[in-house]
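All of the numbers you see were taken from the coordinates with simple rules; none came from a lab. Just so it is clear, the structure is predicted and the values come from calculations on it, not from any experiment. Please note: Cβ atoms are built from the backbone with ideal geometry, for glycine as well, and neighbour counts cover all protein chains shown.
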Amino acid sequence: MNSLVTSNPLREDRLWPPPPAEIAAFHRRMPAYSPTLLLDAPDLASKLGIGRLLIKAETRRMGLPSFKILGASWATYRALCAHIGHEPEPWGNINELAANLAHLRPFTLATATDGNHGRAVSFMARLLGFDARIFVPEGMARARTKAMEAEGAVVTVVNGDYDDAVTRAGEEAGESCIVVSDTSWPGYETIPAQVIEGYTTIFAEVDEAIDASDLDHPDLVVVPMGVGAFMSAAITHYRSGDHRPLIVGVEPIDANCVQASALAGNITHVPGPHRSIMVGLNCGRPSLIAWPRLAAGIDWFVSVDDDSARQAMRDLAGAAVVAGETGAASLAGLEALLIDEAAAGQLPDLSDRTVMIVVTEGATDPAAYETVVGRSHDRIGRVLTAIRP
């Protein structure tokens, strides 16, 4: 295992405002919405030497293999409200919302992506009867491109990395096109902030499930990071109330832009090419809007190599959880943290504590998944204790 574990030199004990209360109600009006599973993995907990391991499995969300639709849907809705100048009420389901917005057509949603966010934006565009233009870095697996095209999107490969794709997508903004990006740049901050807000539904679901099951809330939470939007949602949730667990962020070792930025004391670019199999985390610069929360709210940074992610995929499969390369990063990071000698001297004793990891995607590239795990994703067992609200 090749990893880099560092504490956060910028950590501050700050209280952040909670997310808007209406977000969860909005998501309940989306098609096929239901809370994703919170799983108890006692065998993995025993192997890791911790009291309890909870896994928030974002492997199937509204029919998509990742959590990204939560941010894409909420940010798209808020951006459309701003575009037309009012709430498109009344609507009780997505078909009614699409009918209320039909006067905008032809209309386009655009974004850059390493895969999952672009598919979520494409999905939202299809539901609303809009077009989708998605820009991707060169080298993206064909399976991810085909998934976006199956939603009706026009996918354009940009000569460069993810940051180059972001720049190209930003050029699409206009009167008949909204750019729904999960990263930000000067002058473009509102929509990425709303993407972050949308992700907070995940952690509200976790609290509801734990409270309904009379379990302890986690003492340590591990989240994969790309530009930091999802991590910013975790910090918004866990730094806005009384329960304040340690928060650990995980990145690929050659695309650890958040870790590098914290160690440098300001936003730092980690140049590509970023070739990790953890493609959703192959980002060279943290999101501008997410950075203040990342800098103040994370306790530990862990960057890991691809072999660690592969082993984590296999370990999760053994626990009946289908996790893609990016989704498995949280378990890889947790293991690296627990075996790091310097961290061990600073972490609390976790032998009787609860740790939660977030698995942020399922098998987004089924062929690659089978190569790593040795079984197809649909042959992985699913018998675990499911903690529901």
**Message:** How tilted is helix 190-213 with respect to the longest principal axis of the chain? Cα atoms for both, answer in degrees (0 to 90, nearest 10).
**Reply:** 50 degrees
**Request:** Sort 129-139, 65-75 for me by packing, meaning the mean count of neighbouring Cβ atoms within 10 Å per residue, highest on top.
**Result:** 65-75, 129-139
**Message:** Test of understanding: in a Gaussian network model of the chain with alpha carbons linked when under 10 Å, which of THR200, THR167, THR36 would top the mean-square fluctuation ranking?
**Reply:** THR167
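Please work out how much length the chain gains when fully extended from TRP185 to ALA212, using 0.36 nm per residue of separation minus the C-alpha to C-alpha distance, in nm with one decimal.
Values: separation 27, 0.36 × 27 = 9.72 nm, distance 4.02 nm.
Extending this stretch completely gives an extra 5.7 nm.
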**Request:** Give the peptides 25-33, 50-58 in descending order of average Cβ contacts within 10 Å, highest first.
**Result:** 50-58, 25-33
**Prompt:** Roughly how many Å is it from the Cα centre of region 26-102 to that of region 268-309, as a whole number?
**Reply:** 23 Å
**Asked** Put +1 on the Cβ of each Lys and Arg and -1 on the Cβ of each Asp and Glu in region 94-147; which of LEU109, VAL136, ILE94 then has its Cα farthest toward the positive end of the dipole?
**Response** VAL136
**Degrees separating the helix 116-128 axis from the principal Cα axis of the chain, which is the longest one** = 30 degrees
**Complete:** Dipole check, region 32-144, charges on Cβ (K,R +1; D,E -1), about Cα centroid: among ALA82, LEU64, ALA125 the Cα furthest to the positive pole belongs to LEU64
**Message:** Only counting other Cβ atoms within 10 Å, I'd like LEU316, LEU220 sorted with the fewest neighbours first.
**Reply:** LEU220, LEU316
**Request:** Return the Cα extents of the chain along principal axes one, two and three, sorted largest first, each rounded to a whole Å.
**Result:** 59, 45, 45
**Message:** Residue by residue through region 45-50, what is 3J(HN,Hα) from phi via Karplus (6.51 cos²θ - 1.76 cosθ + 1.60, θ = phi - 60°)? Round to whole Hz and write x for glycine and proline.
**Reply:** 4, 5, 4, 7, x, 10
**Asked** So, in Å, what gap is there between the alpha-carbon centers of region 217-263 and region 113-154?
**Response** 26 Å
**Fill in**
The lysines whose Cα lies under 20 Å from the Cα of LYS47, excluding any fewer than 8 residues away in the same chain, are LYS56
**Request:** Taking the Cα centre of the chain as origin, work out the dipole magnitude from +1 charges on Lys and Arg Cβ and -1 charges on Asp and Glu Cβ, in debye rounded to 20.
**Result:** 720 debye
**Request:** Provide the per-residue ³J(HN,Hα) series for region 369-374, in order, calculated from phi with Karplus coefficients 6.51, -1.76, 1.60 and θ = phi - 60°, each as a whole number of Hz, with x at glycine and proline positions.
**Result:** 4, 5, 4, 6, 8, x
**Prompt:** Pick from PRO20, PRO35, PRO245: which is most flexible by mean-square fluctuation in a GNM of the chain where alpha carbon atoms under 10 Å apart are linked?
**Reply:** PRO20
**Request:** State to the nearest 20 debye the size of the charge dipole of region 237-297 about its Cα centre, where the only charges are +1 on K and R beta carbons and -1 on D and E beta carbons.
**Result:** 100 debye
**Message:** I'd like the orientation of helix 306-318 relative to the chain: the angle between its Cα long axis and the longest Cα principal axis, in ° from 0 to 90, rounded to 10.
**Reply:** 80 degrees
